[in-house]
Amino acid sequence: MPIHAFQATVLENKKLTEDVIFLSLSAPKEFSFKAGQFITLKVEKGEEFRLKSYSVLNPPSEKGKIDLCIKIIDGGFASEVFKNAKKSDSFQIKGPLGHFVFEDDDKNKEIWLIGGGTGVAPLYSMLKQNISYHKGKKFTLIFSVKEKKDLFLHEEFRQLAKKYANFIYVPTLTREKWNGATGRVQAHLPADVENKTFYICGLKELVLETKEVLIKKGAALKQIKFERYS
């Protein structure tokens with residue numbers, strides 16, 4: 001798949017939570033990617049710039065745009081630019097990049113998507129792109145955040161679970177009790193890992209610990225796909 005370089009304009013910028021924004025950017029018609037891949041943006045402030053990479057949120061079937069979920073860090077170089085980005089502002093884009101992609105020829109019948117915070121973005125893209133095409137597979141998403149107020153896309157995942165009988169949504173909170181699941185993602189992994197493929201995305205600690213637990217349960221390395229965020 002060719003790597004493109006282009007100027008993208010802001011289509012929409014809105015808050016999803018107190019520290020996560022949804023940023024939608026334009027993309028040329030010829031831009032294509034695989035669910036799970038990321039793009040790199042050149043973020044400029046005066047004469048300074050930074051290159052920042054983000055997983056694409058929308059599925060490849062949604063053409064002409066690139067949706068991103070971006071965690072905002074107070075005082076962060078890129079965060080301040082993204083937070084204040086207005087419609088028609090532009091960014092230089094390069095992509096698609098990355099090998100964390102959904103494997104269409106996977107013979108396993110269960111797909112487990114495990115994400116923490118904005119690490120759920122590429123998993124959302126995979127789910128939206130593939131759930132209706134692979135009705136013979138069972139999809140389970142474990143989505144971990146600290147508190148209920150940190151859950152974004154929550155209602156959309158709930159609606160997908162209602163629409164598709166082969167999708168189970170497990171949001172879990174690590175720092176707040178509620179009527180749903182609690183604790184870290186590792187507590188909600190299946191006891192039996194046979195005939196399952198695991199896609200993991202999030203901060204380094206979440207990825208490494210989840211991978212370690214799965215291997216201890218007997219999962220082979222080829223069953224585990226992951227993307228680590230810094």
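Quick rundown of the values:
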| quantity | calculated |
| --- | --- |
| Region 138-230: translational diffusion in µm²/s, Stokes-Einstein, Kirkwood Rh over Cα pairs, 10 °C, 1.306 mPa s | 113 µm²/s |
| The chain: Rg to Rh, with Rh as the Kirkwood radius over Cα pairs | 0.96 |
| Rounded tilt (10° steps) of 121-130 against the dominant C-alpha axis of the chain | 70 degrees |
| Ratio Rg/Rh, restricted to region 64-123 and using Cα atoms, in which Rh is the Kirkwood radius | 1.06 |
| Bridge type composition, the chain - antiparallel percent by DSSP, nearest 5 | 55 percent |
| The chain, dipole about Cα centre (Lys/Arg Cβ +1, Asp/Glu Cβ -1), debye to the nearest 20 | 420 debye |
| Set Lys15/Lys135; Lys42/Lys225; Lys34/Lys109; Lys94/Lys148; Lys94/Lys225 screened for pairs whose C-alpha atoms are more than 29 Å apart | Lys15/Lys135; Lys94/Lys148 |
| Between 0 and 90°, nearest 10: helix 204-216 axis offset from the chain longest Cα axis | 20 degrees |
| Amide H within-cut-off set for Tyr229, under 5 Å, with H built and near neighbours excluded | Gly202, Leu203, Lys204 |
| Separation of the Asp89 and Glu212 label points, Cα + 7 Å toward Cβ, nm | 3.9 nm |
| Geometric extent, Cα atoms of region 8-112 - Rg, Dmax (angstrom) | 14.8, 51 |
| Value at 222 nm in deg cm²/dmol, rounded to 500, when DSSP H runs of n ≥ 4 in the chain each add -39,500 (n - 2.57) | -5000 deg cm²/dmol |
| Portion, in percent, of the accessible area of the chain that falls on carbon or sulfur, probe 1.4 Å | 49 percent |
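The values are calculated or read from the model by the stated rules, or taken from the named source; none is laboratory data. All values reported here derive from a predicted model rather than from experimental measurement. Reconstructed Cβ throughout: ideal geometry from the backbone, glycine too, with neighbour counts over all protein chains shown. To get the accessible areas, we keep the full protein, side chains included, count just its heavy atoms, and leave off ligands, DNA and RNA. Shrake-Rupley method; radii C 1.70, N 1.55, O 1.52, S 1.80 Å.
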